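This report refers to the structure that appears directly beneath it.
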Amino acid sequence: LYSLKDILVEESAISALAPLCHSLGLPTGYVHARSLFERFQKFKTSGSQLPSFETSVLPVLDRMHAESDAALLAEWCSMQYDKGSLERLKCLDHALNFAMTASSK
């Protein structure tokens, strides 16, 4: 048997599970966010280069329903990238924007 952690790194599984979020009482974008977390962990464990912000992080942030959740995820992602890297700065910029939007609601 595969664990959910192993399944969430497969794009086909994410596409199949994502529509179930609402039925399971999970926030919109949860499966994509969890998948991103698992992929980051996998890359860090193997010593591989982390995925780019534009191709991996931004699409997930855009799927998040709550701006506060997107801000937290963007902040977490920023901490995974090297200090001073462009990817980290992009994550922090988006985290700030999402946090400001969330605080104004």
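The values are calculated or read from the model by the stated rules, or taken from the named source; none is laboratory data. Please read all numbers here as calculations on a predicted model, not as lab measurements. Cβ: placed from backbone, ideal geometry, glycine included. Neighbour counts: every protein chain shown. Ligands, DNA and RNA are excluded from the accessible area calculation, which covers all protein heavy atoms including side chains. Shrake-Rupley method; radii C 1.70, N 1.55, O 1.52, S 1.80 Å.
For the chain, what is the calculated [θ] at 222 nm in deg cm²/dmol (nearest 500), taking -39500 (n - 2.57) for each run of four or more DSSP H residues and dividing by its residue count? Intermediate values should be presented prior to the final figure.
Values: 7 runs with 70 residues, N = 105.
For the chain, the value works out to -19500 deg cm²/dmol.
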Checklist entry - Given the options ALA13, ALA70, ALA33, which has the most mean-square fluctuation in a GNM of the chain, springs set between C-alpha atoms less than 10 angstrom apart? => result ALA13
Checklist entry - Most fluctuating residue of LEU24, LEU86, LEU50 in a GNM of the chain with Cα springs under 10 Å: which is it? => result LEU24
Checklist entry - So for the pair LYS105, LEU58, with labels modelled 7 Å out along Cα→Cβ, what separation do we get in nm? => result 2.2 nm
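So if each residue of separation counts as 0.36 nm, and I subtract the Cα-Cα distance between ALA16 and SER48, what length gain in nm does that give? Numbers along the way, then the final one.
Numbers: separation 32, 0.36 × 32 = 11.52 nm, distance 2.67 nm.
Once the chain is fully extended between ALA16 and SER48, it gains 8.9 nm.
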Checklist outcome for this item: Carbon plus sulfur, as percent of the 1.4 Å-probe accessible area of the chain, comes to 58 percent
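Assuming a strict under-21 Å limit between Cα atoms, what lysine pair count do you get for the chain once near-sequence pairs (fewer than 8 apart, same chain) are dropped? Mind dumping the intermediate values first?
Working: LYS5/LYS42; LYS5/LYS44; LYS42/LYS83; LYS44/LYS83; LYS44/LYS90.
Qualifying lysine pairs in the chain: 5.
Tell me, Kirkwood radius of the chain from alpha-carbon pair distances, in Å? Don't skip to the answer; put the middle values down first.
Values: mean 1/r = 0.0705 Å⁻¹.
For the chain, inverting the mean 1/r across all distinct Cα pairs yields 14.2 Å.
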Checklist outcome for this item: Given a 1.4 Å probe, the accessible area of the chain per residue, as a whole number of Å², is 64 Å²
Item to check | Euclidean distance of C-alpha centroids, the stretch 80-97 and the stretch 25-39, integer Å | outcome: 20 Å
